[in-house]
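Chemist: Have a look at this one.
The values are calculated or read from the model by the stated rules, or taken from the named source; none is laboratory data. Everything numeric in this text was worked out from a predicted model, so none of it was measured. All Cβ positions, glycine included, derive from the backbone under ideal geometry; neighbour counts span all protein chains shown.
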Amino acid sequence: MTATVIDGKTIAAQLRQSIADSVSRLETKPGLAVILVGDDPASHVYVKNKIKATEEVGMRSIEHRMPADATADQIAKMIDQLNSDASVNGILMQLPLPDHLSRDQESLVQRILPEKDVDGLTVANAGKLLLGLPGLVPCTPQGSLRLIKSVKENLAGLEAVVIGRSNLFGKPMAQLLLAENCTVTTAHSKTRNLAEVCKRADILVAAVGRTEMVKTDWVKPGAIVIDVGINRQENGKLKGDVDYNAVSEIAGAITPVPGGVGPMTIACLLANTLKTAQQS
Ligand code: NAP
């Protein structure tokens, strides 16, 4: 068997197009504010891509660059200002913050108004996801679910295994799959017999950050395999957490890296911003 390749680039482009269509029907352009602190090159690249995508769908991008030595107080004031600005629908603080702010990062994230929290990282939005209430869902798990549903609409009763339990990805991903009536297992670094656990999965989602950790003998034939991992190799190329070439031979459907989950993250950020604008 050769797996269907789930083309995240195309699916993300379709989603961005439908967002652009909805934006064009709004009287006021939604505004997405990005706070970027410091000089981390990777963060600058992400933010540049986010701004470009925001403008391409017809939204306003509001960029606030702050110096690497910005204090937690200064960032808090910036968040407060954006919280009370009615023309700002979504606030994104690029993470991670510089090292000297690592202890303040969580409280700064929580300072963002839940209704403007387009990353879905506040306690209010995490709680809503847990309780099955409408809220803003973190972008990468939301995008991963859209990819899964692009190959199988009804997931009820399927066995799903998510490797990884971060607040950013693993936990919300497991909640989303549970809400789709999957039987969900969350695996992590202390999981015993990980290969056997994974082999039960009709849907296997890997979000660890270890190059090609998931091998063919971890995968049930015909499974949907979603590779969230981004691992930069010495030659600069990106690889996922799944041994793509080998697993493609037995999976039913699989996401490549790059070109799978990655493009969905920004598209879902725009979807969240549209949602906040439509609710305001
Ligand atoms: P993270 O916070 O570092 O979490 C990694 C998870 O993997 C943890 O729960 C950890 O378990 C688990 N883990 C580590 N070693 C393991 C092992 N040997 N066996 C089983 N589980 C193991 O990372 P993250 O933020 O969730 O991101 C995970 C990966 O996804 C990274 O490669 C990241 O770059 C990528 N990512 C991609 C996107 C995108 O847009 N495509 C977005 C977000 C993240 P413990 O909890 O027990 O430590």
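Chemist: Please go through segment 241-267 and give me each residue that is over 24 Å from LYS52 (Cβ atoms) and within 15 Å of the ligand (Cβ to nearest atom), ordered by number.
Modeler: Going residue by residue through segment 241-267, those that are over 24 Å from LYS52 (Cβ atoms) are 241-254.
Passing the criteria: ASP241, VAL242, ASP243, TYR244, ILE254.
Chemist: Follow-up. For segment 13-23, does any single residue satisfy the condition of being within 30 Å of ILE250 (Cα to Cα), buried (at least 16 other Cβ atoms within 10 Å of the Cβ) and at pLDDT 95 or above?
Modeler: Applying the first criterion (within 30 Å of ILE250 (Cα to Cα)) to segment 13-23 yields 13-15.
Pick out the ones that are also buried (at least 16 other Cβ atoms within 10 Å of the Cβ) and you get 15.
From what is left, the residues that are at pLDDT 95 or above are 15.
Yes, segment 13-23 contains at least one residue that is within 30 Å of ILE250 (Cα to Cα), buried (at least 16 other Cβ atoms within 10 Å of the Cβ) and at pLDDT 95 or above.
Chemist: Considering segment 220-243 alone, what residues qualify as being assigned to a loop (DSSP other than H, G, I, E, B) and farther than 23 Å from SER150 by Cβ?
Modeler: Across segment 220-243, the qualifying residues are GLN233, GLU234, ASN235, GLY236, LYS237.
Chemist: Hey, among the residues in segment 232-273 that are under 30 Å from GLY58 (Cα atoms) and hydroxyl-bearing (Ser, Thr, Tyr), which one's surrounded by the fewest Cβ atoms within 10 Å (Cβ to Cβ)?
Modeler: The selected residue is THR265.
Chemist: How many residues are free of Cβ contacts under 8 Å to residues at least 40 places away in the same chain and surrounded by fewer than 16 Cβ atoms within 10 Å (Cβ to Cβ) if we restrict to segment 30-57?
Modeler: 8
Chemist: Would you tally the residues in segment 148-166 being under 11 Å from ILE224 (Cα atoms) and buried (at least 24 other Cβ atoms within 10 Å of the Cβ)?
Modeler: Of the residues in that region, 3 qualify.
Chemist: Then there's this: Looking at (1) free of Cβ contacts under 8 Å to residues at least 60 places away in the same chain; (2) in a helix (DSSP H, G or I), which one does PRO258 not meet, given that it meets all the others?
Modeler: (2)
Chemist: Within segment 192-229, which residues are of a type in the set (A, V, I, L, M, F, W, C), out of contact with any helix residue (DSSP H, G or I) (no Cβ under 7 Å at 6 or more places or on another chain) and over 19 Å from LEU158 (Cα atoms)?
Modeler: Of everything in segment 192-229, those that are of a type in the set (A, V, I, L, M, F, W, C), out of contact with any helix residue (DSSP H, G or I) (no Cβ under 7 Å at 6 or more places or on another chain) and over 19 Å from LEU158 (Cα atoms) turn out to be VAL208, MET213.
Chemist: To continue, here is another question. When you scan segment 79-100, how many residues do you find that are buried (at least 19 other Cβ atoms within 10 Å of the Cβ) and not polar (S, T, N, Q)?
Modeler: Qualifying residue count for the region: 8.
Chemist: If you scan segment 268-280, which residues turn out to be under 20 Å from MET93 (Cβ atoms), away from the ligand (no atom under 12 Å from the Cβ) and not small (Gly, Ala, Ser)?
Modeler: Residues satisfying the conditions are LEU270, ASN272, THR273, LEU274, LYS275, THR276.
Chemist: Here's a follow-up. What are the residues in segment 187-211 that are among the polar types (S, T, N, Q) and closer than 15 Å to ASP227 by Cα, if any?
Modeler: First, the residues of segment 187-211 that are among the polar types (S, T, N, Q): 189, 191, 193, 211.
Once the filter is applied, which keeps residues that are among the polar types (S, T, N, Q) and closer than 15 Å to ASP227 by Cα, segment 187-211 yields only THR211.
Quick grid of which residues meet (1) within 24 Å of ILE226 (Cβ to Cβ); (2) touching a Leu at 6+ places or on another chain (Cβ under 9 Å):
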residue	(1), (2)
THR28	no, no
ASP39	no, no
HIS44	no, yes
LYS50	yes, yes
GLY58	no, yes
MET66	no, yes
ALA72	no, yes
LYS77	no, no
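Chemist: Take the residues in segment 215-240 that are polar (S, T, N, Q) and away from the ligand (no atom under 14 Å from the Cβ), then tell me which one is farthest from LYS50 (Cα to Cα). Let's see the steps before the verdict.
Modeler: Quick first cut of segment 215-240, residues polar (S, T, N, Q) only: 216, 231, 233, 235.
When the remaining residues are screened for being away from the ligand (no atom under 14 Å from the Cβ), the result is 216, 235.
Numbers: THR216: 35, ASN235: 25 Å.
Taking the candidates together, the pick is THR216.
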